[in-house]
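*Asks:* Let me begin by handing over the structure; questions about it come next.
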Amino acid sequence: MTDPSPLLDVRGLTKRFYGSLALDRVSFSLARGEIHALVGENGAGKSTFIKILAGVYDADEGEIRLEGAPVEPRSRNLPLAFVHQDPALVDDLSVAENIAFIAGYPRRHGLIDWRGVQRQTSAIYETMRIPPIDPRRLVATLSTPEKAILNIVRTLAHTPKVLVLDEPTAALPEQDAHRLFDAMRRLREQGASIIYVSHRLHELFGLADRITVFRDGRNVHTGAMADITGGGIVEHMLGRAVELGHRGHPPPRREAPVLTVEGLVVDRRGPLDFTLRPGEVLGLVGLRGGGQEAVGRTLFGAKRAEAGTMTLAGRRLGADERIGERIAAGIVLLAGDRTGESTFPGMSLIENLFPNPLIRARSPFRLTSPAAERRQTRERLDRFDVRPRNEAALIDWLSGGNQQKVCLARWLEADARVVILEEPTAGVDIGAKIAIHRMLREAAAAGRAILVISSDLEEVATLCDRALVIDRGRAAGELSGSRLTVDGLIALSTLGGGATPPAPEGAAPASRAPDGAAATAFGG
Ligand code: ADP
Ligand code: MG
């Protein structure tokens, strides 16, 4: 695209942190009314670039022009609005107050008009066609996706010329991400320009006009979105051709199911039936409030079922069994909230790999000596390509992708029959993502049964043999083989939720369609 007068024009931007080069002579232009995707592996320099635009950091070299005029680094009053990765919401204020904080408080007779604030808030959610949340709710009580949406809604509340979104959909269920994309397209029609940072490449097709790829602090590619493929983008990101390794998994062995779930009801949502075979990777996906997380947690003994049976290798699991008994039986779960639930912060990699004594009881190695534990740890760090390869390092020092590899090494090495993973690659970079997927396929090939609960539809389509779309605790449909695609999953989850308006989180399933409607309409 030739761009005679870009809205924003950046030339030769360089930024060093303590001598290391975070940005190396980066040039970048943003046209009027375009959505410009910015991608790159973790550490490529995307956030640094955006923080320089935002005036958080000063560049060491280079220039920024807005509508042709140089931008003074220190008097930045740019018509730019930013949605950062970590929302800076105020927990102790209500939803409406958090919006008014940015958009300005309406006043009546010199006083803040609180009813006006609430009306304004509801109106913003309505124009974005996002199911509203009660504007009076305290932010502390919102779920992660609700906070992510509020963070975006809040920024859209005043219409900027340039909108910069840094990985806004990481915490969003697919459905809400699509609402956000609609809102972005509407803003583009109104003339806004958008820089959009994302790790989810499939989102960018049909949304972005152009794409820029950063690698090691440099701009290695800028071009039209229509001229590039997903594989082409990944090649620019990594600087080499990659085998994405999907499709053509060997068909799962036709063994008897290792796990059978019948009539499962959790949190008044269900009933759900499914089976899982050794060697199979099964995905559970769904809309917010679909109940797919609750299914995994119930299998792991962290939640109690209200009805139904679960059978593991011919043995019926007792309703009163807790996590320890489930681990001993061979069901393990890697929680989505890695730092909160799956790692042992402040402890070394050894301690994270051998959290005694539960794991040791199940371990085929029956380790006894610290020397043996150290040796085993080193072997695993090697095999799972964990960096740094230092068993005494604290888990806290590792990047998200490496922490996740340690968690996987712990569970895949304990001889579990069923491995349940929540969002296995959320927030990790593409290199680690590919490595984690390969490990999971290897574990399946070795006979493990793997249940992946993920909102990353590209991941489910790439990694899984089969996927169930869960809607309010029931299977709205199943996809496998060549039908298991991102589009297929989006179609099924959108349609599956389409019979009734999406229920607010935690709502009773009172408003659902007559029994079986969703299942019969989209099953098979
Ligand atoms: P991305 O957003 O693409 O993941 P970043 O811009 O966050 O990349 O990081 C680029 C490089 O700059 C990385 O090597 C990172 O470690 C480094 N870096 C970023 N912020 C800082 C900082 N405040 N201090 C020191 N180094 C930093
Ligand atoms: Mg970043």
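*Asks:* May I ask what percent, to the nearest 5, of DSSP beta bridges between residues of region 259-495 are antiparallel? Please report the intermediate quantities before stating the final value.
*Replies:* Details: 19 of 37 bridges.
Antiparallel bridges make up about 50 percent of those DSSP assigns within region 259-495.
*Asks:* What are the chymotrypsin sites (Phe, Trp or Tyr not before Pro) within region 1-69 that DSSP puts in a loop, where the Cβ has at most 13 other Cβ atoms within 10 Å? Intermediate values should be presented prior to the final figure.
*Replies:* Values: sites: PHE17, TYR18, PHE28, PHE49, TYR57; in loops: TYR18, TYR57.
Sparse-neighbourhood loop chymotrypsin sites (Phe, Trp or Tyr not before Pro): TYR18.
*Asks:* Treat each spin label as a single point 7 Å out from the Cα along the C-beta direction, and report the SER399 to ASP182 distance in nm.
*Replies:* Taking the simple label geometry, SER399 and ASP182 are separated by 3.6 nm.
*Asks:* Under the √(5λ) rule applied to the eigenvalues of the Cα gyration tensor, what semi-axes describe the equivalent ellipsoid of region 259-495? Give them in Å, descending.
*Replies:* Values: eigenvalues 175, 86, 44 Å².
Rounded to whole Å, the semi-axes are 30, 21, 15.
*Asks:* Give me the net charge of ALA371's neighbourhood, meaning all other residues with Cβ under 14 Å from the Cβ of ALA371; Lys, Arg count +1, Asp, Glu -1. If you can, show how the numbers build up before the last one.
*Replies:* Working: positive: ARG374, ARG375, ARG378; negative: GLU373, GLU379, GLU391.
Taking every other residue near ALA371 into account, the sum is 0.
*Asks:* While we're here: Take the Cβ-Cβ distance between THR485 and ASP113 as r, set R0 to 56 Å, and report the resulting FRET efficiency rounded to the nearest 0.05.
*Replies:* Details: r = 49 Å, r/R0 = 0.88.
Between THR485 and ASP113 the formula returns 0.70.
*Asks:* A further question follows. Please work out how much length the chain gains when fully extended from GLN190 to GLU306, using 0.36 nm per residue of separation minus the C-alpha to C-alpha distance, in nm with one decimal.
*Replies:* On the way: separation 116, 0.36 × 116 = 41.76 nm, distance 5.01 nm.
Fully extending the segment from GLN190 to GLU306 adds 36.8 nm.
*Asks:* Roughly how many nanometres apart are two label points built 7 Å out from the Cα toward the Cβ at ASP60 and LEU21?
*Replies:* Simple spin-label model gives 0.9 nm for this pair.
*Asks:* Here's a follow-up. Find how much the distance from GLU321 to ARG32 grows on full extension, using 0.36 nm per residue of separation minus their present alpha carbon separation; answer in nm with one decimal.
*Replies:* Numbers: separation 289, 0.36 × 289 = 104.04 nm, distance 5.97 nm.
Between GLU321 and ARG32, full extension yields an extra 98.1 nm.
*Asks:* Could you calculate the contour length gain from ALA256 to THR144, that is, 0.36 nm times the residue separation minus the distance between their Cα atoms, to one decimal place in nm? Before the final figure, lay out each step's value.
*Replies:* Numbers: separation 112, 0.36 × 112 = 40.32 nm, distance 3.83 nm.
The span from ALA256 to THR144 would gain 36.5 nm if fully extended.
*Asks:* May I ask you to rank ARG315, ARG240, ARG25 by accessible area, largest first, using a 1.4 Å probe over the protein chains only? Walk me through the numbers before you get to the answer.
*Replies:* On the way: ARG315 110, ARG240 135, ARG25 165 Å².
Sorted descending by solvent-accessible area, the residues read ARG25, ARG240, ARG315.
*Asks:* Exceeding 27 Å between C-alpha atoms, which entries from my cross-link table qualify? They are LYS303/LYS433; LYS161/LYS433; LYS51/LYS161; LYS51/LYS405; LYS147/LYS433.
*Replies:* LYS303/LYS433; LYS161/LYS433; LYS51/LYS405
*Asks:* With every protein chain left in place and a probe of 1.4 Å, what is the accessible surface of LYS433, to the nearest 10 Å²?
*Replies:* The accessible area comes out at roughly 30 Å².
*Asks:* Which value, in Å² rounded to 10, gives the accessible area of HIS236 with a 1.4 Å probe and all protein chains present?
*Replies:* We get 60 Å² for HIS236.
The values are calculated or read from the model by the stated rules, or taken from the named source; none is laboratory data. All figures in this text were calculated on a predicted structure; none of them were measured in a lab. Counting neighbours? That spans all protein chains shown, and the Cβs are built from the backbone with ideal geometry, glycine included. Surface areas here come from the heavy atoms of the whole protein model, side chains and all, with no ligands, DNA or RNA. Shrake-Rupley method; radii C 1.70, N 1.55, O 1.52, S 1.80 Å.
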